[in-house]
Amino acid sequence: MLTHETHEFPACFDEHSEILILGSFPSVKSRAMGFYYGHPQNRFWRVLAAIYGEEVPMDVESRRAFVLRHHLALYDSLEACEIHGSSDASITNVVPADLNQILDNAPIKKILLNGKTAARYFEKYQKTKTEAVVLPSTSSANASFSFEDLLEAWRKALL
């Protein structure tokens, strides 16, 4: 059953954030946790920790600190939508995110789009001169990319 969901937690960034990473819309687990990439099977935090040579942050505060320490920003392409569980394929009736809150307050030099769904909504609704790069999704549903493949693609984009 489709339910109307709204992005219930803020973008994570500060005045030093240089790279904005956008997902599509928070998963059920992320919405319950109140922060990005909350599903334990999502490889996002493991990939970033490996790139930066750190332990995988496990709770919201350590994840927020990790993002800010590395001058990153996190948000999503959509502010609200109808969605069945966490299925990107079921998304309808979208409300695009207002990225100006980030772009007007942080020196963002590059936008990384975590997967094709994030890219599709970004390209459809966002008008920005900032370079945007589509990366393979870190979701466990993206089984065609091994951890090593993700690590290589994300490392090139982040470093």
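Since every read-out is calculated from the coordinates, none of them should be taken as a lab result. These numbers were taken from a predicted model, which means no experiment stands behind them. Every residue, glycine as well, gets a Cβ built from its backbone with ideal geometry; the counts of neighbours run over all protein chains shown.
Using a cut-off of 10 Å between beta-carbons, work out the net charge of the residues near residue 131 (Lys and Arg +1, Asp and Glu -1, residue 131 not included).
Counting the neighbours of residue 131, the net charge comes to +3.
Using the Kirkwood radius over Cα pairs, work out the Stokes-Einstein diffusion coefficient for the chain at 10 °C and 1.306 mPa s, in µm²/s as a whole number.
After rounding, the answer is 102 µm²/s.
For a label point 7 angstrom out from the Cα of residue 95 toward its Cβ, which stretches of segment 34-65 have the backbone nitrogen within less than 11 Å?
Once the point is set 7 Å along Cα→Cβ of residue 95, nothing inside segment 34-65 turns out to lie under 11 Å by backbone N.
Which length gain, in nm to one decimal place, applies between residue 70 and residue 128 when the Cα-Cα distance is subtracted from 0.36 nm times their residue separation?
Extra length available between residue 70 and residue 128 comes to 18.6 nm.
For the chain, what does the helix formula give at 222 nm: sum of -39500 (n - 2.57) over DSSP H segments with n ≥ 4, over the residue count, nearest 500 deg cm²/dmol?
-9000 deg cm²/dmol
Could you work out the Rg to Rh ratio of segment 53-122, with Rh taken as the Kirkwood radius (inverse of the mean 1/r over all Cα pairs)?
Ratio of gyration radius to Kirkwood radius: 1.01.
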